[in-house]
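Data block below; observations after.
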Amino acid sequence: MSDPIFHALSFEAVCELLSVPAPTLILFHRNPDGDAVGSAFALKRMLTAMGSAARCVAPDEVPHRLRFLSDGQESVLPESIPPSFEQARTVSVDVASPSQLGSLGERFSNRVDLMIDHHRNGTPFADHYILPDAAATGEILFSLARRFRETGKLPADLRVDSLLYAAISSDTGCFRFSNATEKTYRAAADLIANGIDAAEINHLLFESCSLEQIRAEGVAISNLGFAAGGRIGYVTFPYALKVSLGVSDEHLDTLIDIPRSIEGVRIAFSVRQPTAEGVFRVSVRSACDYDVSALCATFGGGGHKRAAGCTLEADSMDAAVKRLIDAINPDEIP
Ligand SMILES: [Mn+2]
C-alpha cells in the first residue's frame, strides 16, 4: 500500500473549508503549551460563532496554569467527548507529527481533515496549512480570524482576540524570542487595538506560578550541569525528586529557562524523568544558530531551530545526559 498523499492547502482553501458549518473536533498536542491551548480554544470560539459545534481534545489535560484559556471546558481528554457529539470534521492545531498526539494518535491521526501548524520539521499526517515563519499557530489563526471578519463571517470577539494574543505571546516568550517578527508584532498590535488586556494575559502567562514550581526550580538550580566549557548548560529532574517534592510534570515546564538564562550558555537543555521507567523527556533551546531541532530529530523528536524536544531511553539520568552531550559537536556551536 502506498503512503497517502497529503496536500499543502492555500489560505483561501483553508478559509473555505472552515467556513462550512460542521461539528468539529479540534486536536492539540500532548504536554500542551499556551500556543496549543490558546489556538485550540480561539478556533473553537471562531467556529462556534460561524455556526459549527466544536470541541477541543488532547491527550493530556490543560495544565493548571493555562486553565484560564480553556473557557470552562472541564476536560479535553477524549473520554470527555459527549456521546452525542459526532464530529464531521477534525482539525489539528500546533501538532507537527502524529507522535505529538500521544494516546490520541492511533484513534485520530488518520482522521484529520486539516492540520494548521507552524513547525518546520514535522511529519504531516493530513492536508495541511503550515507556515514555518509564523511565530505561533496563534499567528496563523489571527490571519484567518481577520479574513473571516473582513468578509462578514465572524463578528468581533474580544475573547477570541485574547486567546490569540495568549497563544502568540506564549510561543514568543512574551515577544522576546527571535521567532517574533514584524508580522508577529503587528498581529499583537491589532489585538491590543481591539481592546484586549495584554498586561493581564502576560501576567498570568509569565509572572504567576505555583509554589511547587518555585520549589522545583530551587532544586534544579542547585543541580545545574555544564559541558563544552560552559557553552552547554542543563538541568535534570529525576523521578525520585518529583516524588519527594510532590510536584507534577506541569511544574517542570519552565526548568529549561534556568540554564538558558546563564551567561555564556549557547545550548541549554532540561532532562526530566516523568515516570520510574528509563524514559526521559528532553527540552533543548539554542541561544545561537545551532539548530536544536536537527539535534532532537536524531532522537526521533523535533521542533524549531531554537526550541525543540525529544524523548529518549537510557539506563539512568546520567546516561541520558551523556547521550545528549555526545550528540553535540562542540566545534559546531557558533
Ligand atoms: Mn506553537
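Taken together, the values in this text are just the output of simple stated rules run on the coordinates, not laboratory data. These figures come from a predicted structure and were not determined experimentally. Every residue, glycine among them, receives a Cβ derived from its backbone with ideal geometry; neighbour counts consider all protein chains shown.
The figures follow:
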{"item": "Residue-count net charge about LEU77 - beta-carbon cut-off 11 Å; Lys, Arg +1, Asp, Glu -1", "result": "-4"}
{"item": "Whole-Å distance, taken between Cα centres, linking the range 1-52 and the range 264-317", "result": "28"}
{"item": "Kirkwood hydrodynamic radius of the range 85-125, from inverse mean 1/r over distinct Cα pairs, in Å", "result": "10.5"}
{"item": "Rh by Kirkwood over Cα pairs, then Stokes-Einstein D for the range 11-206 at 1.002 mPa s and 20 °C, µm²/s", "result": "131"}
{"item": "Between the range 54-93 and the range 167-243, the alpha-carbon center distance in angstrom", "result": "24"}
{"item": "Net charge over other residues, Cβ less than 12 angstrom from the Cβ of ALA22 (K, R count +1; D, E count -1)", "result": "-1"}
{"item": "Selected from GLN87, ALA13, PHE41, residue furthest toward positive end of dipole (the range 1-131; charges at beta carbon)", "result": "PHE41"}
{"item": "Nearest-0.05 FRET efficiency for ALA319 and ILE214, computed from C-beta distance (R0 41 Å)", "result": "0.90"}
{"item": "Label-to-label distance, nm, for residues given as CYS288 and LEU17 (7 Å Cα→Cβ offset)", "result": "4.0"}
{"item": "Contour excess over end-to-end distance, with Cα ends at GLU263 and ARG146 and 0.36 nm allotted per residue", "result": "38.1 nm"}
{"item": "For the range 211-332, radius of gyration divided by Kirkwood radius, i.e. Rg to Rh on alpha-carbons", "result": "0.94"}
{"item": "P(r) tail fraction, the chain - alpha-carbon pairs more than 28 Å apart, %", "result": "41"}
{"item": "Per-residue HN-Hα couplings for the range 95-112 [Karplus 6.51, -1.76, 1.60; θ = phi - 60°; Hz; x = Gly/Pro]", "result": "9, 8, 8, x, 4, 6, 8, x, 5, 7, x, 4, 6, 10, 4, 8, 10, 7"}
{"item": "Chain lengthening between GLU200 and ALA297 when straightened (0.36 nm per residue, less Cα-Cα)", "result": "31.3 nm"}
{"item": "Added length on full extension, which subtracts the Cα-Cα distance from 0.36 nm per residue, SER75 to ASP133", "result": "17.7 nm"}
{"item": "Local net charge near ALA314, Cβ-Cβ under 12 Å (Lys/Arg +1, Asp/Glu -1)", "result": "-2"}
{"item": "Calculated [θ] (222 nm, deg cm²/dmol) that DSSP helices of n ≥ 4 give over the chain, each run adding -39,500 (n - 2.57)", "result": "-10500 deg cm²/dmol"}
{"item": "Selection of GluC sites (Glu not before Pro), the range 234-282, meeting DSSP coil and at most 15 other Cβ within 10 Å", "result": "GLU263, GLU277"}
{"item": "Per-selection metrics, the range 152-209 (Cα): Rg and Dmax in Å", "result": "11.6, 40"}
